[in-house]
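See structure below.
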Amino acid sequence: MSIEDQLRVSPDALRFRFDGHQFPWNSTQEQPPCTTIIGQERALRAIRLGLEMKSIGYNVFVTGLSGTGKMTTIQSLLAEIDRSGRIPDDLCYVHNFRHPDSPRCLHLPAGHGKLLEKEMSRLVEYCLEHVPEILESDQFKKELDGLLERAHAREKELIRGFEKKVNERSFALVQVQYGTIQRPELMPVIDDKPVAMAQLEQQADQEEYPAAEFERIKAVHKELAQEMGELSKQLKALQKEVLETQSSLVRGTVQPFIDEIIGEIRTRFPWEEVKEFLADVQADILDRIEIFKEKQEDKSNILSFLSAPKESGNPYLPYMINVIIDNSDLTGAPIIIETVPSYRNIFGTIEKSVERSGAIRTDFMQIRAGSLLRANGGYLVLNARDALMEPEVYKNLKRALKYNKMSIQSFDPYPLLASFYLTPEPIDIDVKIVMIGDRELYHMLYQLDEDFRKIFKILADFDSVMNNTTANINCFISLMSKIIDEEDLLHFDREGILAVLEQAVRMAGRRTKLTTRFSDVADLMREASHWAGRDHQPQVSRKHVEKAYQERVFRSNLPEEKLQELIEDGIILIDSDGRRVGQVNGLSVYQLGYYSFGKPSRITAEVSVGDDGVINIEREVGLSGMTHDKGVFIISHLLRSRYTTDKPLSMNASICFEQSYGGVDGDSASSTEVYALLSALSNLPLRQDLAVTGSVNQKGMIQPVGGINEKIEGFFDICAARGLTGTQGVLIPVQNVEDLMLREPIVNAVREAKFHIYAVATVDEGIELLTGVVAGEADAQGNWTAGSVNDRVNRRLQEFADTLKQYKQ
């Protein structure tokens, strides 16, 4: 049997097909919609543990590929979890009468925050309406008038007594005008006329008035001035006494009414925090009762005045309630899904207002809560990458989770512009965070951030595949039925279901698996239903699924077509027939994110005498990734272990990906590079109608690679465009046979012997197929089969060693 027949893969092994007769259903209508999460048992158990654990740090970090149902699963599990415990408290910020820049936070049972807000508004309305009435009552006016009359009589008595003494000493009290101010001044009476002391002193100096008499008058003036000063103090003390007595009268008159209404509020809200606040309110109202003296005739004016900003002069602000969290509508623990995890949305903010003067001001009524507080006592779901990209979010979230406490502050990148700051009382939090991200982000945070591993102790890792079992297939079809019911799609017949399942296998990349990227499956179903509707068909069949897949490929494969054109036009050099020494067709996969495809690349090798070993040209110019570099080093050690155990490796060998101007990474071409080197060393030409993929180890064994279907299809498209010759084909690792899910045209071409797939296990099998010369085996003395590929390589390397030895001598 020839080497081709030994390695050729059967057409039946090129595409996995489901046996539709093993399933009892004929359509998705016969399968009930799925009610559970499928294919994610590991993640489900992890999330359930995280949600049920009450200890600190058991927050959940969810990883997995996009489209694997992470958010759907989280929402489903949160809906299932028992949330019937205690409903979280309402949170209210109020004025701090002792420290106005540090508002206090009141914790009230759910629904009582808004009630307290209404009661405090009612208190202010009551005071505005009734305090003026109380102060205008006849009884109060009578007591106030009596107080004022007694004070006025005492004032008159003091003034008359002093005026009498002044007159007896021949002095008079004269009101003198100083600008806009009048003040009393003592003047001696000379010839029945008051004379200013300065004028009298001038006369005495000019000897127009007796000096001795002036000295006597001056002494009397000094004495009376002292007594007038004492009188002024007595009058001011009397005035203060009157004001205090008046204030006491007002306070004593109003206090019973204030005590009564605040007592009613205290009865409805018997919690200690509220009692302390009401005591401060009561004392402040009695201290500032004058703000209620003006009667408000229009009740609407009262309400508008209560809601006026501080800049407008709202004196009633200290009595208002800012309900930042109202849980009156909750029936259990809150579930908050934050789709925009900005600092403001998560932690809240303190809004500011700009006054006419330009000053920036704020007050406790402008404190706003974020989703972290709204989720207090429950669960908060957010996207990890979005949160990390927002300034200050991750740092403050860690701090809040670490200490179970948070303080609302504004994210202010320009703090110097603000003239007034609040430091609200911190709030204790008890919230479970579910953060959705990807594996790379999780591993980075786990390695670089010690706090992360303390606060996210649960990893829920979503798999992108599940086992291809009968039970999972039935669940898969139930999921299809659910999607159809939710989106009102056409149902799928038996062949349509099988076509979707086959696509699920191809997406998974292995026959024994089904994809769990259900968003991609749902997209395929939607588009297939659309094409069935265009055909006026009652159900979706296989041809509609295939049409949907082909249309999706067509929408995305413009780069692939452009590359195909370059190859067909001979701009990119790829041979698909003939033989060349040191030249082989490798296969690469181009990943565009939304679409991937394979195409061949020409790989060449040149050898000469030297001691540099294998030179990777891509590495030398910085176009090679670490994995590709590793593959080239493995090739060097493979050559040493095979051929140079008895001699030095005296060779300069260069390997190059021709016409490759971007980066090259991965080791899937390492076997291809080995074949090119062996061809160059043995001087045996390689078949150009074959393309090769597969990595190699130091023992010369071929190892499996990814993207096997795309690679085969890429070379087939080149060959088909040029015309299939019946000899063309692809060498793949034998382990990848289980991954084959090739397009039907390729399967048909192989069945008709126009194209071939060969499964290779070792380098020897591959080089024998490519050269048509037996690879050869080494005997006990290390001698290779005469004339074999390995014998030729060994002899060539011996020649190199001898030449180099002679040259150095």
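If I ask for residues that are aliphatic (A, V, I, L, M), touching a Cys at 6+ places or on another chain (Cβ under 9 Å) and modelled with pLDDT of 85 or more, which ones from the stretch 208-264 would you list?
I258, I261, listed by residue number.
In the stretch 623-646, how many are within 18 Å of G662 (Cα to Cα), open to solvent by 20 Å² or more (accessible area, probe 1.4 Å) and among the small types (G, A, S)?
Residues flagged as within 18 Å of G662 (Cα to Cα), open to solvent by 20 Å² or more (accessible area, probe 1.4 Å) and among the small types (G, A, S) within the stretch 623-646 amount to 1.
Checking the condition open to solvent by less than 50 Å² (accessible area, probe 1.4 Å) and either charged (D, E, K, R) or part of a helix (DSSP H, G or I) (or both), which residue from A225, A212 passes?
A225
What are the residues in the stretch 390-409 that are within 19 Å of R374 (Cα to Cα), assigned to a loop (DSSP other than H, G, I, E, B) and either of a type in the set (D, E) or open to solvent by less than 30 Å² (accessible area, probe 1.4 Å) (or both), if any?
Scanning the stretch 390-409 gives a single hit, I408.
Return the pairs, sorted by first residue and then second, in which the second residue is of a type in the set (V, I, T) and in a helix (DSSP H, G or I), the first residue lies in the stretch 141-153 and is closer than 15 Å to K240 by Cβ, the beta carbons are less than 6 Å apart, and the residues are 6+ apart or on different chains.
Filtered contacts from the stretch 141-153: L147/T245; A151/V242.
Among the residues of the stretch 749-772 satisfying the criterion of being charged (D, E, K, R) and part of a loop (DSSP other than H, G, I, E, B), which is most open to solvent (accessible area, probe 1.4 Å)?
E752
Among the numbered criteria (1) in contact with a Leu (Cβ under 6 Å, 6 or more places away or on another chain); (2) open to solvent by less than 50 Å² (accessible area, probe 1.4 Å); (3) under 17 Å from G582 (Cβ atoms), which single criterion is violated by I603?
For I603, the failing item is (1).
Would you pick out the residues in the stretch 123-178 that are within 60 Å of the chain's Cα centre (by Cα) and modelled with pLDDT under 80?
Result: E133, I134, L135.
Just to be sure before I move on: is T470 open to solvent by 40 Å² or more (accessible area, probe 1.4 Å) and assigned by the TED database to the domain that holds V540 in the structure I sent?
Against the criterion (open to solvent by 40 Å² or more (accessible area, probe 1.4 Å) and assigned by the TED database to the domain that holds V540), T470 qualifies.
Pick out, from the stretch 569-683, the helices (runs of 4 or more DSSP H) lying fully within it that include 1 or more residues that are free of Cβ contacts under 8 Å to residues at least 12 places away in the same chain and basic (K, R).
626-643
Of all residues in the stretch 179-199 being more than 23 Å from F162 (Cα to Cα) and not small (G, A, S), which is modelled with the lowest pLDDT?
The residue in question is T180.
Going residue by residue through the stretch 97-119, is there one that turns out to be over 30 Å from T423 (Cβ atoms) and either assigned to a strand (DSSP E or B) or assigned by the TED database to the domain that holds N467 (or both)?
Within the stretch 97-119 (the criterion being over 30 Å from T423 (Cβ atoms) and either assigned to a strand (DSSP E or B) or assigned by the TED database to the domain that holds N467 (or both)), the answer is no, since none of the residues qualifies.
Residue-wise test of (1) among the aliphatic types (A, V, I, L, M); (2) surrounded by 19 or more Cβ atoms within 10 Å (Cβ to Cβ); (3) more than 30 Å from V540 (Cβ to Cβ); (4) at pLDDT below 90.
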| site | (1), (2), (3), (4) |
| --- | --- |
| Q40 | no, yes, no, yes |
| K54 | no, no, yes, yes |
| V60 | yes, yes, yes, no |
| S66 | no, no, no, yes |
| T72 | no, no, no, yes |
| L78 | yes, yes, yes, yes |
| I81 | yes, no, yes, yes |
| S84 | no, no, yes, yes |
| L108 | yes, yes, yes, no |
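Take the residues in the stretch 650-668 that are under 25 Å from R796 (Cα atoms) and touching a Phe, Trp or Tyr at 6+ places or on another chain (Cβ under 8 Å); name whichever of them is surrounded by the fewest Cβ atoms within 10 Å (Cβ to Cβ).
Step by step, filter the stretch 650-668, then rank; the result is S650.
Quick one: which residue in L173, L158 is open to solvent by 50 Å² or more (accessible area, probe 1.4 Å) and under 18 Å from L224 (Cα atoms)?
Going through L173, L158 in turn, just one is open to solvent by 50 Å² or more (accessible area, probe 1.4 Å) and under 18 Å from L224 (Cα atoms): L173.
Can you tell me how many residues in the stretch 514-562 are assigned to a helix (DSSP H, G or I), of a type outside the set (D, E, K, R) and within 18 Å of I477 (Cβ to Cβ)?
12
When the stretch 697-748 is examined, which residues are found to be more than 23 Å from M507 (Cα to Cα) and assigned to a helix (DSSP H, G or I)?
Selection gives I718, C719, A720, A721, R722.
Examine the stretch 123-137 for a residue that is in contact (Cβ under 8 Å) with a residue 60 or more places away in the chain, open to solvent by 80 Å² or more (accessible area, probe 1.4 Å) and not in a loop (DSSP other than H, G, I, E, B), and state whether such a residue exists.
yes
Can you tell me which residue is most open to solvent (accessible area, probe 1.4 Å) among those in the stretch 773-799 that are of a type in the set (V, I, T) and touching a residue at least 40 places away in the same chain (Cβ under 8 Å)?
V773
I'd like the full set of residues that are under 29 Å from R526 (Cα atoms) and surrounded by 14 or more Cβ atoms within 10 Å (Cβ to Cβ), limited to the stretch 551-588.
E551, R552, S556, N557, E560
Just one of R526, R534, R555 is among the basic types (K, R), farther than 18 Å from T693 by Cβ and in contact (Cβ under 8 Å) with a residue 24 or more places away in the chain; which is it?
The conditions single out R526.
Have a look at T727, T785 and point out the one that is closer than 16 Å to Q688 by Cα and more than 46 Å from the chain's Cα centre (by Cα).
T727
Among the residues of the stretch 294-343, count how many are closer than 25 Å to V281 by Cα and at pLDDT below 90.
22
Given the structure, is D438 over 30 Å from V734 (Cα atoms), assigned by the TED database to the domain that holds Y379 and in contact (Cβ under 8 Å) with a residue 60 or more places away in the chain?
Against the criterion (over 30 Å from V734 (Cα atoms), assigned by the TED database to the domain that holds Y379 and in contact (Cβ under 8 Å) with a residue 60 or more places away in the chain), D438 qualifies.
Does L106 meet the test of being within 60 Å of the chain's Cα centre (by Cα), within 30 Å of D428 (Cα to Cα) and among the hydrophobic types (A, V, I, L, M, F, W, C)?
In short, yes.
Tell me whether the stretch 502-511 contains one or more residues that are without any contact (Cβ under 8 Å) to a residue 40 or more places away in the chain, open to solvent by less than 10 Å² (accessible area, probe 1.4 Å) and under 18 Å from D739 (Cβ atoms).
yes
Restricting to the stretch 1-24, name every residue that is modelled with pLDDT of 85 or more and not in a helix (DSSP H, G or I).
Across the stretch 1-24, the qualifying residues are S2, R8, V9, S10, L14, R15, F16, R17, F18.
The values are calculated or read from the model by the stated rules, or taken from the named source; none is laboratory data. Not measured: the values here are computed from a predicted model. Cβ atoms come from the backbone with ideal geometry, glycine included; neighbour counts cover every protein chain shown. With ligands, DNA and RNA removed, areas are computed over all heavy atoms of the protein, side chains included. Shrake-Rupley method; radii C 1.70, N 1.55, O 1.52, S 1.80 Å.
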